[in-house]
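This report refers to the structure that appears directly beneath it.
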Amino acid sequence: MASECFTDVCFVVGNGPSVARTDLSLLNGCFSIGINRSFLALETSMLIWQDSDLWETEHSRIKVRPELKVCRELVKGSKFADYVWRQEDVGWAHNEENPLAFKCVNKFCSTGTLGIFLAKALGCKQVILIGLDCKLKPNGDTNWWGKNAKYHPGTFSGCVTGLLAAKKVYGEDIFSCGDNDVFTRQSLPCLVQKLQPEKLEQADWRKRLRVRLDLAVQVRDQTATKIDKMNYL
């Protein structure tokens, strides 16, 4: 499945402080994967999360968001997600034959890095990172919207570890418009002009996603040892 190009360019949108300095209107109509509270800044094609803390504080807003929702199995809010991935499958390495077939190799599996590997597993050629900073703002803020009360010191080390893993596998296909120290920061307007990402209505991106992910569900269900009414990726 990954050999079939879903679209050329995917934006993975995190929550780092650099988001506040980014012209997000340049993403209008583009295929994008939002991480955690990215929906506070813009509408993306898909929203992914793997922490119960997010659901506890944002469930009323997440429930009504239009994004296609994908989260980790057993976290709070998983029954409201469109798709879930199994906890034991989460991590950096992905299965080229099936989107979201991951294996965990690190205690802190950065959701932003999962977004990168998901984009590549879907068949996207280039991935542009927005707000994956992996560092605090000089004033101590953890995110563009302020301080995350649930911040854990391992969050940023896991983020860096994940970006390094992604760079090792897909370095030339990844472009960063954030402040992390793994990739050289690039100009978002210049990248958009150069790569000319395909544009659709977000509802149409979600229709295309469902076709691809439903196929992934069918493949996984053929070998799953536990199958119930939920969709397992």
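Please treat every number below as a calculation from the coordinates, not as lab data. Here the structure is a predicted model, which means the values were calculated and not measured. Here Cβ is always computed from backbone atoms with ideal geometry, including for glycine, and neighbour counts include all displayed protein chains.
If r is the Cβ-Cβ distance from residue 145 to residue 170 and R0 is 41 Å, what FRET efficiency results, to the nearest 0.05?
The computed FRET efficiency comes out at 0.90.
How big is the charge dipole of the range 9-223 about its Cα centre, in debye rounded to the nearest 20, if each Lys and Arg gets +1 on its Cβ and each Asp and Glu gets -1 on its Cβ?
160
Once fully extended, how much extra length lies between residue 211 and residue 190, figured as 0.36 nm per residue of separation less the alpha-carbon to alpha-carbon distance?
Between residue 211 and residue 190, full extension yields an extra 4.4 nm.
Which of the pairs 120/194; 76/147; 137/199; 135/168; 150/194; 137/168 have their Cα atoms more than 30 Å apart in this structure?
137/199; 150/194
Starting from the Cα coordinates of the range 9-223, work out the convex hull volume and express it per residue in Å³.
Normalising the Cα hull of the range 9-223 by residue number yields 112 Å³.
What is the extension gain from residue 155 to residue 218, computed as 0.36 nm multiplied by their sequence separation minus the C-alpha to C-alpha distance, in nm to one decimal?
So the chain would gain 19.4 nm between residue 155 and residue 218.
Quick one: what are the phi-derived ³J(HN,Hα) couplings along the range 18-28, Karplus 6.51/-1.76/1.60 with θ = phi - 60°, whole Hz, x for glycine and proline?
With the stated coefficients, the range 18-28 comes to 5, 4, 5, 9, 10, 7, 6, 5, 5, 8, 4 Hz.
What ranking do 35-48, 146-159 get when scored by the average of other Cβ atoms within 10 Å per residue, highest first?
Ranking, from highest mean packing down: 35-48, 146-159.
So who's got an amide H within less than 5 Å of the one on residue 126, skipping anything under 5 residues away but keeping other chains? H placed 1.01 Å off N, in plane.
9, 10
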